[in-house]
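Have a look at the structure below before the remarks.
The values are calculated or read from the model by the stated rules, or taken from the named source; none is laboratory data. Just so it is clear, the structure is predicted and the values come from calculations on it, not from any experiment. Cβ: placed from backbone, ideal geometry, glycine included. Neighbour counts: every protein chain shown. We work out accessible area using only protein heavy atoms, side chains counted, and drop any ligands, DNA or RNA first. Shrake-Rupley method; radii C 1.70, N 1.55, O 1.52, S 1.80 Å.
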Amino acid sequence: MTLEGGDREIQRFTPLSDLVASGGVAVTYLNSARFADSLRSGDDIAVVTRAELRGHLQSGNIALIVDGDAHDAFYTAFAAAVQDGKYEQLESFRSPRAKIHPMASIAENVHVEAGAVIGACAVVLPNTYVGEDVVIKPNATVGGDGYENAVIRGRRSIVPHAGGAWLCEGVQVGSATCIDRGLFGDFSFAGPYTTMDNLVHVAHSVRAGKNCSLTACTTPTIPHFEPAKV
C-alpha cells in the first residue's frame, strides 16, 4: 500500500456500512465507485482503494493505494492484525458455582459466571462471556470464526475473527447450536433470557435483544433484532 495523508494510529477495521465516529482512525475499503456515498469526510478514516478511485474519497480521508483488489488488501491487513495479537481478549474465569461437564471443552480467555451449566461435548472458544444461569446444551459450539471469505496473502481463506461471543444472564443455547463470534473486534450478543432451540446458527456479529426465541434450524444474520411484538 502507498500512504497518502497523515500517519495515524489505527483504532479499528470496519466495512463502509459501520463508519461511525470512534476515536482514532477507522480503516475501511472502497472497491467500486457506486459505494462511495457511504464514505464520510474526516481524517479519522483511512480508505484502502485503487488509484483510479482516489477522486471518490471524501475531504480529509487518508488513502491507502493498492495495485490490486482493495477488498483482499483490506482483509490481508486485518488478518495480520488479528494474528499479531492486536485485539484484547477476556480474562479466563470459572465460577466455582458453575456446572461444567467433564467432557465439555472450555478454552482459555473464557469467562463463566455462577449458575452456568455447560453440557457434555459443548465447545466454548476464546473471548466468550457466559453469564449467570446460562445453559449451553451438549454439542453446542460458542465463539468460533464465522464464514467470511477473502483472498489473504494470495490464497482464498476464511478471515480470522477478532471479536467474541457474549451470552447474558439466563440465555439458553440448544444442542448442536453454533454461535459465531464477532468479526471486527465486536461481540455477537444474546440478550437476557433469549432462548435458542437445537441446530440454530447465529452468524458473526449478530445481536439478539432481550427475551428473543430462536427456533430450530434458524440462521439469524441481520446485525440486530428484537422479539416480535404481538
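Considering only strands (runs of 3 or more DSSP E) fully contained in segment 124-230, which possess at least 1 residues that are at pLDDT 95 or above and more than 30 Å from ASP67 (Cβ to Cβ)?
Qualifying strands (runs of 3 or more DSSP E): 128-130, 141-144, 164-167, 178-180, 187-190.
Checking the condition over 24 Å from ARG155 (Cα atoms), exposed (fewer than 13 other Cβ atoms within 10 Å of the Cβ), of a type in the set (Asp, Glu) and touching a strand residue (DSSP E or B) at 6+ places or on another chain (Cβ under 7 Å), which residue from GLU4, GLU9 passes?
Residue meeting the stated conditions: GLU9.
Could you please find all residues in segment 179-210 being open to solvent by 80 Å² or more (accessible area, probe 1.4 Å) and either under 18 Å from ASN139 (Cα atoms) or not basic (Lys, Arg) (or both)?
Passing the criteria: TYR193, LEU199.
Only one of GLY185, GLY154 is among the small types (Gly, Ala, Ser) and out of contact with any Phe, Trp or Tyr (no Cβ under 7 Å at 6 or more places or on another chain); which?
GLY154
Criterion first (in contact with an Asp or Glu (Cβ under 9 Å, 6 or more places away or on another chain), on the phi > 0 side of the Ramachandran plot and without any contact (Cβ under 8 Å) to a residue 40 or more places away in the chain) does GLY144 satisfy it?
Spelling it out, it is not the case that GLY144 is in contact with an Asp or Glu (Cβ under 9 Å, 6 or more places away or on another chain), on the phi > 0 side of the Ramachandran plot and without any contact (Cβ under 8 Å) to a residue 40 or more places away in the chain.
Being surrounded by 17 or more Cβ atoms within 10 Å (Cβ to Cβ), among the β-branched types (Val, Ile, Thr) and more than 18 Å from GLY163 (Cβ to Cβ), is that true of even one residue in segment 81-89?
no
Among the residues of segment 43-91, how many are assigned to a helix (DSSP H, G or I) and small (Gly, Ala, Ser)?
Total meeting the criteria: 8.
Suppose the filter is at pLDDT 95 or above, among the small types (Gly, Ala, Ser) and open to solvent by less than 40 Å² (accessible area, probe 1.4 Å); does ALA36 pass it?
Spelling it out, it is not the case that ALA36 is at pLDDT 95 or above, among the small types (Gly, Ala, Ser) and open to solvent by less than 40 Å² (accessible area, probe 1.4 Å).
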